[in-house]
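Right, one structure below, let's go through it.
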Amino acid sequence: MNTILRKSILGIAGLTVAGGLAAGPLNHDTGTPVRDTAVTTTQAAGKLDSAALIPHGVQGAQSHIDLDDEQTANVKAIIAATKKAGMDERAAVVSIATALQESKLENLGHLGDRNDHDSQGLFQQRPSSGWGTVEQITDPEYSTTAFLKGLKQVDGWRDMPLTKAAQTVQVSAYPDHYAQWEQQAADLVAEHWNS
């Protein structure tokens, strides 16, 4: 996709968010996963090198939260869904950083008045925007797979900074906020990819 077309699409998507709507998944393709091998990482004694998972370097100040058992289980579920989808470690980094921003890796149900429209789950996906039913989008494997299907359709996502790749799928009102989680996401993938 050329730069002018991509900017036009992102501009339209931005207007959608400004109008109070969130984007749904880019496609509901349920085809057979194909192993994505564009990114390889350095391994030493079974552990990945987290620096190799950040090919563009981090942007801006990085945030970090301590994870409880439930959040760690959600990290492992995202990694398992990424592997099942045939995607690589970098896709897991983008997914985990996105979930860190959207929910702090907590599988959130409806938050009442504090809810952003009808957003729920790890990725704050919306049933009304076509992401799936409430039951589906609060299932970590389903919601990760839905996010990854959108990511696969982002032309050149590996060549983009993480925050741009995540934003193209999520269409957030705060597009630059994903960047702050890249280091922690890379560290989590390095720690748990082979576990």
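Residues whose amide H comes within less than 5 Å of that of Asp88, counting only those at least five positions distant or on another chain, are Asp36 (H built at 1.01 Å from N in the peptide plane).
Placing Asp176, Asp187, Asp118, Asp88 in order of accessible area, with the largest value first and a 1.4 Å probe, yields Asp176, Asp187, Asp118, Asp88.
Accessible surface ranking for Lys152, Lys104, Lys84, 1.4 angstrom probe, highest first: Lys84, Lys152, Lys104. Close amide H pairs (under 5 Å, H built 1.01 Å from N) link Leu122 with Leu108, residues at least 5 positions away or on another chain.
For Asn107, the shell of other residues with beta-carbons less than 10 Å away shows a net charge of -3, using +1 for Lys and Arg and -1 for Asp and Glu.
Counting only protein heavy atoms and a probe of 1.4 Å, the accessible surface of region 45-176 is 48% carbon and sulfur. Only protein heavy atoms count here; under a 1.4 Å probe, Leu108 has an accessible surface of about 40 Å². Protection proxy ranking, highest mean first, for peptides 154-165, 60-71: 154-165, 60-71, where packing is the per-residue count of other beta-carbon atoms within 10 Å, averaged.
The values are calculated or read from the model by the stated rules, or taken from the named source; none is laboratory data. Only a predicted model underlies this, so the values are computations on that prediction, with no experimental measurement involved. Backbone-built Cβ (ideal geometry, glycine too); neighbour counts: all protein chains shown. Note: areas computed on protein heavy atoms with side chains; ligands, DNA, RNA excluded. Shrake-Rupley method; radii C 1.70, N 1.55, O 1.52, S 1.80 Å.
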